[in-house]
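Data block below; observations after.
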Amino acid sequence: MEKRSSIYIAGHCGLVGSAILRNLQSKGYKNFILRAHKELDLEIQRDVEDFFERERPDYVFLAAAKVGGILGNSTYPADFIYNNLIIQANVIHASCKFGVKKLLFLGSSCIYPKFAKQPIKEEYLLTGELEPTNEPYAVSKIAGIKLCQSYNKQYGTNFISVMPTNLYGPNDNFDLETSHVLPALIWKFHDAKIAMEQSKPKPVVLWGTGSPRREFLHVDDLAEACEFLMNNYNGSEIVNIGSGKDITIKEIAEMIRNIVGFKGEIIWDATKPDGTPRKLLDVTKLYHLGWKPSIALDEGIEMTYRWFCSSLEAKTKENAYA
């Protein structure tokens with residue numbers, strides 16, 4: 001990409017899209033094409049094609065998606081598969097139709113089999129059954145990968161696909177019904193800390209046994225990797241993006257408890273599902289290409305918690321003056 005290239009970031013208000021925008025702005029890119037959902041509904045094909053025909057972006061980062069954790073995926077499976085299939089199909093097809101030079105599609109590590117050998121290599125895709133709790137979402141992301149590969153094969157496009165591990169950071173979703181594990185933990189521990197300060201102590205109840213192992217990557221590191229790959233990688237084969245290190249849910253809960261400053265009790269509800277036992281990406285391909293993350297997990301969580309508290313404070317002030 002050149003600094004004057006026109007760049008469309010689909011989903012620029014979300015966790016990933018906003019991080020990509022911040023990263024590119026910090027490096028001197030200025031020609032952005034941005035549309036919020038109220039301005040452009042990516043589920044409406046005609047509107048998407050009209051937008052691409054009018055704006056003609058050179059590069060596209062496809063970060064728009066409906067995302068969530070175990071509860072959200074279990075409660076709204078139809079939404080997770082339908083919304084993502086439609087968004088991806090519309091943006092990828094329009095990018096081909098209107099001559100986008102290069103597109104980067106953001107998938108998810110949940111595309112891999114539930115019992116895949118660890119760490120998970122890119123070639124393990126479609127070699128086993130998926131984790132049932134997020135299968136609809138995973139299927140939609142696999143379809144996005146196959147769309148990119150198929151358009152490259154048939155039309156000679158340059159559409160690349162990257163598979164990030166579990167992400168966290170500013171602009172994350174902290175809603176307990178739809179969030180992923182790390183932001184949900186931050187919210188639960190913060191809420192319990194406030195309750196304790198108000199002399200209304202309550203335990204923090206967490207799903208499962210705490211034994212599953214997960215890998216986490218700060219979203220600013222992901223954005224850095226996406227910019228790097230957009231400029232340094234051309235190929236239809238997917239690329240994993242992760243830290244190369246994992247940690248148990250119980251360990252991450254203790255880390256967040258300490259950062260938040262919660263002194264109370266944790267109760268593990270073993271009647272609730274754990275999900276995939278372990279999910280660690282093999283990032284050998286990415287490292288060989290020349291990129292590694294730079295934000296340590298404890299540092300990243302501290303940064304995220306500060307952002308979370310500032311966001312709550314801003315909302316409180318906004319409501320006070322409403």
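For LEU217, the residues whose modelled amide H falls within less than 5 Å of its own, excluding neighbours fewer than 5 places apart on the same chain, are ASN166, LEU167, TYR168. Remark: for residue pairs LYS27/LYS317; LYS30/LYS141; LYS117/LYS141; LYS117/LYS250; LYS272/LYS315, the C-alpha separation exceeds 27 Å in LYS27/LYS317; LYS30/LYS141; LYS272/LYS315.
How much net charge surrounds THR304 when only other residues with a Cβ under 12 Å from its Cβ are counted (Lys, Arg +1; Asp, Glu -1)? Net of charged neighbours comes to -4. The distance linking the range 28-102 with the range 239-272 is 32 Å (Cα centroid to Cα centroid, whole angstrom). Going 7 Å from the Cα of ARG54 in the Cα-to-Cβ direction, what parts of the range 2-22 have a backbone nitrogen less than 20 Å from that spot? Correct set: 6-13. Taking Cα atoms only, the orientation of helix 135-155 departs from the longest principal axis of the chain by about 20 degrees.
Quick one: compute the contact order of the chain, relative version, from alpha carbon pairs under 8 angstrom and 6+ residues apart, as a percent. The partial results should precede the final answer.
On the way: 592 pairs, mean separation 61.7, N = 322.
The value is 19 percent.
Among [x] -0.37; [y] -0.32; [z] -0.21, find the value of log10 I(q)/I(0) by the Debye sum over Cα atoms at q = 0.06 Å⁻¹ that was calculated from the structure presented, and write down its label. The value matching this structure is [z].
Where does helix 45-55 land angle-wise versus the long Cα axis of the chain, in degrees 0 to 90, nearest 10? The two axes meet at around 70 degrees.
Quick check on the chain: helices-only [θ] at 222 nm, where DSSP H runs of length 4 and up contribute -39,500 (n - 2.57) each and the sum goes over total residues. Nearest 500, please. All intermediate terms of the calculation are to be shown ahead of the outcome.
Working: 10 runs with 144 residues, N = 322.
That calculation yields -14500 deg cm²/dmol at 222 nm.
Expressed as an acute angle from 0 to 90° and rounded to the nearest 10, what is the orientation of the C-alpha long axis of helix 249-260 relative to the principal long axis of the chain? So the inclination is approximately 70 degrees.
We did not get these values from a lab; they are worked out from the coordinates using the rules stated. Keep in mind that this is a model prediction, so the values were computed, not measured. Here the Cβ is made from the backbone with ideal geometry for all residues, glycine too, and neighbour counts use every protein chain on show.
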